[in-house]
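In what follows, a single structure is set out as C-alpha cells and then discussed.
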Amino acid sequence: MALFQEADGDPRVALDRLADVLSYYGAVGDAAAGLTFGFSLRKAAFARSIAEVLEVEASLLDAVSIAGLLHAVGAIGNPALVRENDLPERLATMERWDIPAAGARICAAIGALPERVADIVRWQAEAWDGTGFPDQLRWNGIPLPSVALALADRVVRAHEPEEALASIAEEAGRSFAPAHSRAFMLWFHRTGAEAEPFTFPRTALLADFSDPGDLLLDIADRIDRHLAVPGRARNVLRLAEASARALGCTAPEIEALRIAALTFGAGELGNGFESTLDPLVRLGLERRAEQAQAGARLLEGLPALAAAAPLVAARAEWFDGTGKPAGLARDVIPIGARILATAIAYDAIDIDTRARPAARRATAGERLDGAAGTHFDPRVVTAVLDAAKAHA
Amino acid sequence: MIELHERTRRISPTRIHEILLRYGAKSLVDPFMGLPTHLNYLKRHGIAVHGGDVLEWFVRVGEGIVVNDLTILRDHEVAEIVEMIPGRIYALDLFKAWEGVFFTEEQCVYLGVWFDNVRNLRSDGQTGLAILGLWRVFCYWLQKAQEPDEMPDLPPSELAWHYIRQSERWVASNMRRNTVRQSDVMQTLERQRADALLFAPPPRNALHHADPRIWMWEAWWQGNPYFTLEHAYRDTLFGARSNDPAAYQRSIAGILSEAGEYPLLIVATNESRLGEIEPIVRNARAKVECYAPNESEIYLIATA
C-alpha cells in the first residue's frame, strides 16, 4: 500500500522506514503483552550483548537483536490477552504459551527479516530441562540465540541486575544449562550488566524487503482484532484521508494522518478500551487522553512515523478547548488531529448504531453534527460526513 | 561418571502443527513417539494424536499428557509421591547398584521410594504425570553429578514436587480420542489410521548411542538397574538390523510402504541424515516436498 510518499528511488529511505515500522511493531508487542514501554529495545540490546559472550555465530548477532525487538509481537491477538476474552486461568496460561510460536509465524511472514529471526523468537521461552514452551525442547536442542533472548528477558524483567544474576544461578540445570548460567555470570561481571543502546541493524534487512506501508496496515489489522474492533483502522483511514483531501491538506499532512489512522489504536493496548464508551460524552475523556499519549509515545523517536505522534497525542482534545490533556482549542489543534478524532468518533458511533438500531434514535451523522462546534471542528464534521456518504 | 549427550532430537510441534494445518490434517500417528511432549502440544491444538513406542515409560507418560484429559494431582497426592508414606513397605535397596556410580545413597533411596509410590496412584493419568515429573528430577541429578558446583542443592522431595507440578500444567482436553500404545512401529501402523503419519526414523545404530537418561529411566520404571536397551529393542524392527546399512534402509522402506494409505506423510530428519533418508522417501512416494527450516530440522513431506 502506498502509505508513505514516494522515496524518489532511494532504497535507504525505504529501508529506514521499514526499520522504524519494525521498531514500532516491537513496541506494540510490548504493549499487547502488558510490558513496560521500551522493554523490547532493552531486551534486544541485552540479547545481542549476551549472545556475544555465549559465542553465538557473528552472522547471527543481528538476527538476535531483531528477534529481541520483536519478541512479543505474538502477544497481539493472543486469546488470553484480547479484549473481553475472559478465559479461566488454566486455559489462559496455555494460550499464553503460544505467544512465541505466533510471534515466529509473524516474523516468518515478514520477507525482509533474516531467516533465523522467526526461530529465535519461537524458542525464546524454552527451558533447559524441557519445561518451557511452546515446543518443550530440552538440553542443547534449544539454539543458543534463543538462550540469549531468554537470559536477556531475565535482565530486563529484574528490578536490579543482581536479581537476574541470582535467579539465573538459582535455576542452573533447570531453566538454563549450567554452562549458560556460567556464561551469564561472565557477561555480568564483564559488562556490569550494561549493554550498548539498541540500534536497528538495517544492513541485516534483506534487499527484497517488505513494503513498510503494507506492514503498518497489517499491524493495524492485528491491533484491531486484538481490541475486538476489526477493520476500524481501515475505516478511519478511508474517512480521514478523504476528509483531508476535501479540506485541502498538504501531502505531508495527509501522510502523517494516514500513519496516525493506522497507529492510534495501539495506545489502547494495555490501557483499557475506548470503544466501550460513547465517544461523544465526556465520561472516559481522561482515559482517552491517556490512550492518546500512550499511542503517541510509541511513535516518537521513529523518524518515519514521528510526524503522526502529535496527531495521535491530540485526538482527545476538544474544539472548544475543554479536552485533554493540554486543553488545546480551535486551530491550535493540528488539523490532522481534528480529522482523526472526528473520523474515529464517526466510525464508533456508526458501528454502534448499525449494531443496535433500536437503541439509538439519531443516526451517526445526526449525532456527530450535534457535537460540531463543541467537541469537533464543524468544517471537519462536514468533510467527514461527506466522505462517509460518498463511501456508503 | 556417565556421558550425557550434547544434542537431542529436535522435534518442533509448532512446526508440525503448521504443516498439518497447511494440509488440512486433523489426526496424526507417531509410531516412534519417544517422550510425547510434541503429541501433547498437537493435542492441545485440536489434533487427534496416536503414539507408539517400545519403551514403557514413554507410553506411561503418554497416558499422563496425551490420553489423560482432566486428571491432575492434588497437593496431598503429590505429597504421597515425593516422600515415604508411613506404614508402606519399600524396597529401599532396589537401586543400590547405582549407588556411588551415578547417584548418592540418599538419591538411590528416593528412587526406591518413588518406584513404589507411583505404583500406588489412583489412575494411569496420575502415574504418567508423576513419571514425567520424576524423570526431570532424575535428569537434574545426573546433570548435577557432572557439574556439582554449578547447580544448587535442592532437597529431592522439593525438586520432585516442583517437577510434578510442572508436568500437570500440560493436561488438557481436545474433545477427541487420543491414544498411546506400547508396540513396535509396524503394529502401531497396522492398528491405527489417521490423516497424517509423523515418522522420525531412528539413526542407524541408535541403540548404541541412546541417551542414558532415556534408558536409565526405563530401568527405573522396570525396577531393574541392570536393564539395557538391547532388552527392549532386541525383537523390534530396528533392533536386529541396526548395524547393517542395507537392512536399515529396507526397514525404513518397509515402514513407508506400510504407510502408503496415509494421505500425508511427514518424515523428520536432519541435515546429516538427509542424504540417506531422502532417496528412500522419494522412492516410496511420488510427491515429496523438502522443508528445511534449519539444519537440525528437515521435514520431507509426502502427499498422495
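Tabulated data
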read-out: Charged-residue dipole, Cβ positions (Lys, Arg, Asp, Glu), the stretch A:11-196 about Cα centre, Debye nearest 20; value: 220
read-out: Evaluated over the stretch A:228-388, the Cα radius of gyration and Dmax, each in Å; value: 14.2, 46
read-out: DSSP bridge pairs, the protein assembly as shown: antiparallel proportion in percent, nearest 5; value: 40
read-out: Amide hydrogen neighbours beyond the local backbone of residue A:376, cut-off 5 Å, H modeled; value: A:319
read-out: Residue among B:20, B:207, B:274 with the largest mean-square fluctuation in a Gaussian network model of chain B, springs linking Cα atoms under 10 Å; value: B:274
read-out: Relative contact order for chain A, counting Cα pairs under 8 Å that sit 6 or more residues apart, in percent; value: 16
read-out: Number of partner chain Cβ atoms within 10 Å, mean per residue of A:98-104; value: 3
read-out: Overall form of the stretch B:161-304 per C-alpha gyration tensor (a/c, 1.5; a/b vs b/c); value: oblate
read-out: Computed [θ] at 222 nm, helices only, for chain B once each DSSP H run of length n ≥ 4 contributes -39500 (n - 2.57); value: -13500 deg cm²/dmol
read-out: Protein heavy-atom accessible area occluded, A/B pair - total, 1.4 Å probe, Å²; value: 3200
read-out: Selection of trypsin sites (Lys or Arg not before Pro), the stretch B:103-158, meeting DSSP coil and at most 13 other Cβ within 10 Å; value: B:119, B:122
read-out: Loop-located GluC sites (Glu not before Pro) in the stretch A:80-130, at most 13 other Cβ atoms within 10 Å (DSSP); value: A:84, A:115
read-out: Accessible-area composition of chain A, carbon plus sulfur, in percent [1.4 Å probe]; value: 53
read-out: Residues with amide H under 5 Å from that of residue B:181, placed H, sequence gap 5 or more; value: B:51, B:52, B:53
read-out: Share, in percent, of DSSP beta bridges within chain B that are antiparallel, nearest 5; value: 45
read-out: Rounded to 10°, Cα long-axis angle of helix B:271-284 versus longest principal axis of chain B; value: 50
read-out: Long-range amide H partners of residue A:176 with built H, under 5 Å; value: A:128
read-out: Per-residue HN-Hα couplings for the stretch B:154-171 [Karplus 6.51, -1.76, 1.60; θ = phi - 60°; Hz; x = Gly/Pro]; value: 10, x, x, 5, 5, 5, 5, 4, 4, 6, 5, 4, 4, 5, 6, 4, 8, 5
read-out: 0 to 90° range, to nearest 10: angle between helix A:251-263 axis and chain A longest Cα axis; value: 60
read-out: Cα-centre dipole for the protein assembly as shown with unit charges at Cβ (Lys and Arg positive, Asp and Glu negative), debye to 20; value: 1880
read-out: Those lysines that a straight Cα-Cα span of less than 24 Å connects to residue B:96, excepting residues fewer than 8 apart in one chain; value: B:144
read-out: In the stretch B:206-304, chymotrypsin sites (Phe, Trp or Tyr not before Pro) in a DSSP loop with at most 11 other beta-carbon atoms within 10 Å; value: B:226
read-out: Equivalent ellipsoid, the stretch B:183-267 (semi-axes from 5 times Cα gyration tensor eigenvalues, Å); value: 26, 16, 11
read-out: 3J(HN,Hα) from dihedral phi, the stretch A:44-53, Karplus parametrisation 6.51/-1.76/1.60, rounded to Hz, x for glycine, proline; value: 4, 5, 5, 4, 5, 5, 5, 4, 5, 6
read-out: Three-way shape call for the stretch A:26-83 based on the alpha-carbon gyration tensor, with the a/c threshold at 1.5; value: prolate
read-out: 12 Å Cα-Cα reach of residue B:43 towards aspartates and glutamates, excluding residues that sit fewer than 8 places from it in its own chain; value: B:69
read-out: Backbone HN-Hα couplings from phi across the stretch A:235-244 [Karplus 6.51/-1.76/1.60, Hz, Gly and Pro as x]; value: 4, 5, 4, 4, 5, 5, 5, 5, 5, 4
read-out: All aspartates and glutamates inside 13 Å of residue B:287 as judged from Cα atoms, apart from same-chain residues fewer than 8 positions distant; value: B:278
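The values are calculated or read from the model by the stated rules, or taken from the named source; none is laboratory data. Since this is a predicted model, take the numbers as computed values, not measurements. In this analysis, Cβ positions are derived from the backbone assuming ideal geometry, glycine residues included, and neighbour counts consider all displayed protein chains. Keep in mind that these areas ignore ligands, DNA and RNA; they rest on the heavy atoms of the full protein, side chains included. Shrake-Rupley method; radii C 1.70, N 1.55, O 1.52, S 1.80 Å.
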